[in-house]
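Data first, discussion second: the structure below is written as structure tokens.
Each reported figure results from applying straightforward, stated rules to the coordinates on display, with no laboratory input. What you see is a predicted model, and the numbers here were worked out from it, not measured in a lab. So basically every Cβ, Gly included, is an ideal-geometry build from the backbone, and we count neighbours across all protein chains shown.
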Amino acid sequence: MRGKAKQRVSLILVVTMVLGTVLTGNTVFATGESSDEQDRIKINISKDSEQTVEQNVTQTIHVTAQGQCSQSVCLNVYLKNEDGSAATDIDAVNLLTSNQLTDKNTQKTIDETLKDSVTLNNGTKASPTAEWKNDKDDNGTVTSKYLQITMPADATAINFDMQLQYRTDEASYTKKVLVEAKAFEEEQDITEAAKRADESKENEATVVWEGQAVSQSESEAADENTDGENALNAVAEENQYTVYFQQSNIEDTRWNNATQIYIYAFNDGTDDLKSILPMAKEGGSNLPNVWKYTFNKQWKNVIFLRESTWPNGNDKSSQTVDLQIDWGIKSTLF
């Protein structure tokens, strides 16, 4: 249950927007080809948008493949860093196993996402089997991370989306991830693009997460520490809503020593965040002990906690009051 603790906190609210161009249109596929008596699968990967987003925000990738083979085919979707290494720090929030779900309202299982995603030769729909795999070298280092989807021999197409998320505690970051798909029949690459000399790269796409540390003058930070009030400062934009919280201003050693801060938000009794979520640590010498979280909508009330669960009984020292958020505030502090 939510409490009404009376701590004096300093809250820095920043509303940010990421602009971009949304890509629309239909992709038309040719039927599967055969070269040198070898089956071929044509794969197309496209991005939902060209925009760069901040960490915690999902990037949507559309994966489609078409072509009929004489045997069952494995479609592998790889997640790679810029240097070609495995992007092990990227999560696909709609392609999880049931025991990996942390928020059932925003995440999906592999079975839910891939249900009826395969078209069979007779025109009916089917669900493939799929699992995440990590290949490792002799030292135990993960060399590749990929989603392996096994399709039956009578499959002619598959179509599904991947929602990728990157999370970091770094204040400044640029994370680029290459999503690449390949088809294999008996461990041999049968991807259509593999046999061509062109550079069209239909079977791959790159997504980017980028963020910079929030700067603030020392005098402004000192003023906030002196008055100790719940100061709301914002640069009013839209689409993304990032809240910054400075834990040390609560004047409680348990808050000052907390190694993780959590957030919860709600509008009314039924419209809420559904679960308590961890915030990311912000950096910068002018903003010590600052944490942030990016919402995809506006919330009327925000609560900060130093534990991932609601406090028991009358102990309200683990959370702040229900803070009223005015998303229309504009400021030039940043």
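Data for the structure
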item: Glu82-Thr102 pseudo-label distance in nm [points 7 Å out on the Cα-to-Cβ vector]; result: 2.6 nm
item: Rounded to whole Hz, the Karplus (6.51, -1.76, 1.60) HN-Hα couplings of segment 294-307, x for glycine and proline; result: 10, 9, 9, 8, 8, 10, 6, 10, 10, 10, 10, 9, 9, 9
item: Inter-label distance, nm, simple model (7 Å from Cα along the C-beta direction), Asp272/Thr129; result: 4.1 nm
item: Spin-label pair Glu307/Arg167, simplified geometry with 7 Å Cα→Cβ offset, distance in nm; result: 2.0 nm
item: Full-stretch length increase - Lys136, Ser317 - with 0.36 nm per residue and alpha-carbon distance subtracted; result: 60.6 nm
item: Relative contact order [Cα under 8 Å, 6+ residues apart], segment 118-176, whole percent; result: 33 percent
item: Using distinct alpha-carbon pairs, which all enter the 1/r mean, Kirkwood radius of segment 34-202 in Å; result: 17.1 Å
item: Ile263 long-range amide H proximity, modeled H, under 5 Å; result: Leu277, Met279, Leu305
item: Cross-link pairs beyond the 32 Å C-alpha cut-off, checked among Lys125/Lys201; Lys182/Lys297; Lys115/Lys281; Lys125/Lys297; result: Lys182/Lys297; Lys115/Lys281; Lys125/Lys297
